[in-house]
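Visitor: Dumping the structure here so I can ask a few things about it.
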Amino acid sequence: MKTYIHLTGEQSALYDQSVEALMDKMKELEGIKRKGAILSALTQLKQLCDHPLLLTKEALPEELPEDGALTSAYDVYSPQDMAMLISRSAKLERLMELVRELRDEGERCLIFTQYIGMGQMLQQVLRQELQEPVLYLHGGTSKTARDRMIEEFQSRTLPEDKQPSVFILSIKAGGVGLNLTAANHVFHFDRWWNPAVENQATDRAYRMGQTKDVQVHKFISLGTLEERIDEMLESKQQLSDNIITSSENWITELSTDELKDLFTRRRDWSG
């Protein structure tokens, strides 16, 4: 299912500023410099849809230790700072609501994001809010830690205070080769615009041995580039094929007018 989410006021303002800055650059740049500016802006806009902190580069707590060792307290943020951090991202607010609901039902989930900073933030926030272990697997994770995480997540015998039920994964590191059927909810926090890659990631939960229905949630920020690309994937198969074969490079070949139409935020949908 697709979960459509409005941007916050801060996200909307930063999004518009990024688009305006890109359009100004397009008047001056050509060739490889133009392509580089477009790909850079594309990353910025996608990160803004996740959380403005990814763009503003404000300090985050350090990444949790790979060995999974837990401190005596989960809390890193004060309750006030935590509430502020969550409220700055409409996606994060919605994710927290859904994860709390499924944890109340005793169910487990996978959360995919392509950004290291977002994965670290999700791990910190979910650990503190749920007061339970939260795993995070990314490209820098060692094989030993990776194997341990999978074993712990799949376990049904660990004590309740040691049992991880939320597993955050980089879509590249966790997209193939893992069997995580303990989860029956999958969240794509940000979109990887190659349907085959997203489906491979979803299949970590939907594999031999899965006994429950798997609910898949794809988060889409209304009025933004995320919604435009999703519409294109649904309605234009040829464009979808281009994305599958050439990643995001096709966007750098668009004209300036086409770029403006693709990137500009739709005010009527943004709320």
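The values are calculated or read from the model by the stated rules, or taken from the named source; none is laboratory data. Since this is a predicted model, take the numbers as computed values, not measurements. Note that we place each Cβ from the backbone using ideal geometry, even for glycine, and neighbour counts take in every protein chain shown. These accessible areas exclude ligands, DNA and RNA; they are computed on the full protein's heavy atoms, side chains included. Shrake-Rupley method; radii C 1.70, N 1.55, O 1.52, S 1.80 Å.
Visitor: Identify all residues within segment 97-154 that are of a type in the set (Gly, Ala, Ser) and either closer than 26 Å to LYS46 by Cα or in contact with a strand residue (DSSP E or B) (Cβ under 6 Å, 6 or more places away or on another chain) (or both); write none if there are none.
Guide: Residues satisfying the conditions are GLY117, GLY119, GLY139, GLY140.
Visitor: Which pairs do you get when a residue that is more than 16 Å from LEU262 (Cβ to Cβ) and charged (D, E, K, R), found in segment 1-25, comes within reach of a residue that is part of a helix (DSSP H, G or I) and open to solvent by 50 Å² or more (accessible area, probe 1.4 Å), reach meaning Cβ atoms under 7 angstrom, with the pair 6+ apart or on two chains?
Guide: Short answer, once both residue conditions are applied: none.
Visitor: Here's another thing I want to ask about it. Taking segment 185-203, which residues are closer than 24 Å to LEU130 by Cβ, open to solvent by 10 Å² or more (accessible area, probe 1.4 Å) and at pLDDT below 85?
Guide: Answer for segment 185-203, where residues must be closer than 24 Å to LEU130 by Cβ, open to solvent by 10 Å² or more (accessible area, probe 1.4 Å) and at pLDDT below 85: just THR202.
Visitor: For segment 24-36, what are the residues that are open to solvent by less than 60 Å² (accessible area, probe 1.4 Å), part of a helix (DSSP H, G or I) and either at pLDDT below 90 or among the charged types (D, E, K, R) (or both)?
Guide: Hits for segment 24-36 are MET26, GLY31, ARG34.
Rundown of residues vs (1) basic (Lys, Arg); (2) within 27 Å of THR224 (Cα to Cα); (3) in contact (Cβ under 8 Å) with a residue 40 or more places away in the chain; (4) surrounded by 13 or more Cβ atoms within 10 Å (Cβ to Cβ), yes/no style:
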residue	(1), (2), (3), (4)
LEU135	no, no, yes, yes
THR144	no, no, no, no
ASP147	no, no, no, no
ILE150	no, no, no, yes
GLU160	no, no, no, no
LYS172	yes, yes, yes, yes
ASN179	no, no, no, yes
ALA183	no, no, yes, yes
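Visitor: Looking only at segment 76-132, which residues are assigned to a loop (DSSP other than H, G, I, E, B) and either within 23 Å of VAL214 (Cα to Cα) or among the small types (Gly, Ala, Ser) (or both)?
Guide: Passing the criteria: SER78, SER89, GLU105, GLY106, GLU107, ARG108, GLN114, GLU132.
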